Amino acid sequence: MIRFLLHRTLQGIVLILIVSMIGFAVINLAPGGPLSQYALTPGISQADLERIAHQMGLDRPLPIQYLDWLSKLIVGDWGSSYRDQSPVLSVIWRHMWATLLLMGCATVISVVLGTLIGVLGALRRYSLFDYVATVGAMIALSIPTFWFGLIAIFFFSLELGWLPAGNMYTVGDQSLGDYAIHLIMPSAVLALVNVAIWSRYMRASTLDVMDQDYVRTARAKGLPRWRIISAHIVRNALIPMITLAGLQLPTIIGGALVTETVFTWPGLGRLFIDSLGYNDYPVIMGLLMFSAILTVVGNFLADVGVALADPRIRLG
Amino acid sequence: MTDPVLSVRDLRVRFRSGGRETQVVHGVDFDIRGGETLALVGESGSGKSVTSFALMRLLPEAPRCRISGSVRIGGVELLELSERRMAAIRGPRIAMIFQEPLTSLNPVHRVGDQIAEAIRFHRRMSRSAIRARVIELLSMVGIPDPARRMHAYPGEMSGGMRQRVVIAMALALEPDLLIADEPTTALDVTVQAQILELLKDIQRRTNMAMLFITHDFGVVAEIADRVMVMYAGRIVEGGELAEVLSSPRMPYTRGLLGSVPRFEDAGLRSGPLGTIEGFVPSPDALPQGCAFHPRCPHARPGLCDVDLPDLTAVDGTGHRVRCLRASEPLATENTEVPA
């Protein structure tokens, strides 16, 4: 187990390094660049621009810039935003908890509902419930998130006036209930697709397990139905879901991108879009690295989780 | 004579799929008494496993599968019980061991917990009493160091050891009847002999009845008191072990017996092992008359392909045969001229 953990950690570090190189190269080779912001300033001279470039270290060769950036990154200095000079880590930190709140709610909804729908669909295969769930999942997967978000805003905010159309809180209120009411729509929209995905995977996994010989053995032992379902079907069917959950961790950044934009939610997805617009390289690179780290950590946690849940992996 | 533990009458099983109904068991009758072992023998597809699963009610539910007839254990009609009450029968009254020891245990639970689970839902017993019983069961089935091995996962055990665990699980509540569905087929021959010995030994001590399903007459000779041969969903011959082995009347039984390799034959008799030509007919397309006649070396046109023979007694010993030519004088294989 320890060997396995070490091995995976090393793999993760190499992967993150590769992502950082590619990311750094692509962003710096793209047209535009941080100086284009200053170039628009009226009355600025070429000499001024060169001086700024020198100050920011942009006149050095790219590999040197990369190594400089990387060595600072390792010691926790992720650079500062071009926009307001605040440190990248604190910018990410400031936006992260909004995203965590939204993704946390959406994830809890999708895991609980998705698992439930998937298991029920498998247990009552080809029943009315199963057909409705299947068709519902197909529809949910086909609807673009931004469209569904806009429709939801149209009905629940504009027509009915039940829910706020965007933002995380009402300025001047910020009570717990106020946060909750702002959370409902974006997390529901975000959960819709994930419930669909999760329920489909869970249904397939449950059907797979139901055909196993050990489920027949459990019935032959005269166990009550609930016990067979919980200890022998769902328990085993959830193992592949751990991997799926691990793969979803990095979607904390990407997954909420559209939803955060539609609902003007001040999270990481919005930060990413805004930073792209400003050519704010340090923040973009920071988010890229953050996402890469989350991917590696998610995979790592999934592997550990599967090993803990499945003795065949742990001992094999 | 004591009352039978299990009494099966006119058991019929029909499967439905895609709007078509297929009958795979066509009216099977038998009794098993305490301490007795009845072997149910037949090729793959003869309906023997479906019969055993029907007794346990482990077949798919109503629209997909219909079971009719009567299965009584200790005076209780199993086919009329609700699923909940049937669950209370499985374990203390009937238990079952399966053909695939490698897959019949849940890989994610410790073997001791899986045995304990079989006890926990039927008996009010303390945790420590259950633990003691699990250790007792594991040592009874011959697993060394049971107090340690009970914490092992199935993946850490060999096939033979896993089958012992499955047996321990089935015996946990001292069932009246044990159904063993080809329990040794997937095992090495040496392990096979050990498992058979173990089952016989346990039976001697507990007076449990056993329904032993196999296709191997070698195994039958080891373990059975009585034999029933099944073909295409019907019993075609049945009787005391010695009677059936020494004077099989049904050509199918003779074919099965002829296909058992014998140790003492090695090097003494040349020539190929006996085989039965052809295949078990599909339950969708059973031939008219005796289901075996297309493969039978003794089938007589105009007789065997017309009427379905009844299962009739031969000379009052309880030996019964489903063959129209069974009453004709026995001829040896060499002089028999196919009609």
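Restricting attention to segment B:67-89 and to residues that are within 12 Å of chain A (Cβ to nearest Cβ) and surrounded by fewer than 15 Cβ atoms within 10 Å (Cβ to Cβ), the residue that is nearest to residue B:173 (Cα to Cα) turns out to be B:85.
Determine whether segment A:124-132 contains at least one residue that is among the hydrophobic types (A, V, I, L, M, F, W, C) and over 30 Å from residue A:229 (Cβ atoms). Quick ask: steps written out before the conclusion?
First, pick out the residues of segment A:124-132 that are among the hydrophobic types (A, V, I, L, M, F, W, C): A:128-129, A:132.
In the following step, the residues that additionally are over 30 Å from residue A:229 (Cβ atoms) were identified as none.
The answer is no, given that none of the residues of segment A:124-132 is among the hydrophobic types (A, V, I, L, M, F, W, C) and over 30 Å from residue A:229 (Cβ atoms).
For beta carbons closer than 8 Å, sequence separation of 6+ or different chains, a first residue in segment A:184-199 that is free of Cβ contacts under 8 Å to residues at least 40 places away in the same chain and a second that is open to solvent by 10 Å² or more (accessible area, probe 1.4 Å), the qualifying pairs are A:184/A:163. Remark: pairs (first residue in segment A:293-309, within 14 Å of another protein chain (Cβ to nearest Cβ); second residue of a type in the set (A, V, I, L, M, F, W, C) and not in a helix (DSSP H, G or I); Cβ separation under 9 Å; 6+ apart in sequence or on different chains) = A:307/A:1; A:309/A:238; A:309/B:108. Checking each residue in segment A:220-258 for being buried (at least 20 other Cβ atoms within 10 Å of the Cβ), facing another protein chain (nearest Cβ under 7 Å) and not aliphatic (A, V, I, L, M) picks out A:221, A:222, A:232, A:236. Counting only residues that are open to solvent by less than 60 Å² (accessible area, probe 1.4 Å) and either part of a loop (DSSP other than H, G, I, E, B) or not β-branched (Val, Ile, Thr) (or both), segment B:306-316 holds 2 of them.
Assess whether residue B:115 counts as being within 11 Å of chain A (Cβ to nearest Cβ) and without any contact (Cβ under 8 Å) to a residue 60 or more places away in the chain. Before the answer, list the steps.
Values: within 11 Å of chain A (Cβ to nearest Cβ): yes; without any contact (Cβ under 8 Å) to a residue 60 or more places away in the chain: yes.
Yes; evaluated as a whole, the condition is true for this residue.
Being part of a loop (DSSP other than H, G, I, E, B), of a type outside the set (A, V, I, L, M, F, W, C) and under 26 Å from residue B:201 (Cα atoms): is that true of residue B:92 here? Can you show your working first?
Details: part of a loop (DSSP other than H, G, I, E, B): yes; of a type outside the set (A, V, I, L, M, F, W, C): yes; under 26 Å from residue B:201 (Cα atoms): yes.
Judged against the criteria, residue B:92 is a match.
For residue A:273, state whether it is open to solvent by less than 50 Å² (accessible area, probe 1.4 Å) and among the β-branched types (Val, Ile, Thr). Judged against the criteria, residue A:273 is not a match. Can you say whether residue A:196 is under 27 Å from residue A:12 (Cα atoms) and open to solvent by less than 30 Å² (accessible area, probe 1.4 Å), as far as the supplied structure shows? No, not satisfied. If the condition is being under 12 Å from the mean Cα position of the chain (by Cα) and open to solvent by 10 Å² or more (accessible area, probe 1.4 Å), then segment B:175-184 contributes only B:182.
Kindly provide the set of residues from segment A:96-114 that are crowded, with 16+ Cβ neighbours inside 10 Å and farther than 13 Å from residue A:250 by Cα, ordered by number.
Initially, segment A:96-114 is screened for residues crowded, with 16+ Cβ neighbours inside 10 Å, giving A:96, A:98-99, A:101-103, A:105-107, A:109-111, A:113-114.
Across segment A:96-114, the qualifying residues are A:98, A:101, A:102, A:105, A:106, A:109, A:110, A:111, A:113, A:114.
How many residues are of a type in the set (S, T, N, Q) and closer than 30 Å to residue B:137 by Cβ when one looks only at segment B:206-251?
First pass over segment B:206-251, keeping only residues of a type in the set (S, T, N, Q): B:206-207, B:214, B:246-247.
Of the ones still in play, those that are also closer than 30 Å to residue B:137 by Cβ are B:206-207, B:214.
Count: 3.
In this structure, residue B:93 does satisfy being open to solvent by 10 Å² or more (accessible area, probe 1.4 Å), under 19 Å from the mean Cα position of the chain (by Cα), within 22 Å of residue B:209 (Cα to Cα) and within 13 Å of chain A (Cβ to nearest Cβ).
The values are calculated or read from the model by the stated rules, or taken from the named source; none is laboratory data. In this text, all values refer to a predicted model and were calculated from it rather than measured experimentally. Neighbour counts are summed over all protein chains in view; Cβ atoms, including those assigned to glycine, are modelled from backbone coordinates with ideal geometry. These accessible areas exclude ligands, DNA and RNA; they are computed on the full protein's heavy atoms, side chains included. Shrake-Rupley method; radii C 1.70, N 1.55, O 1.52, S 1.80 Å.
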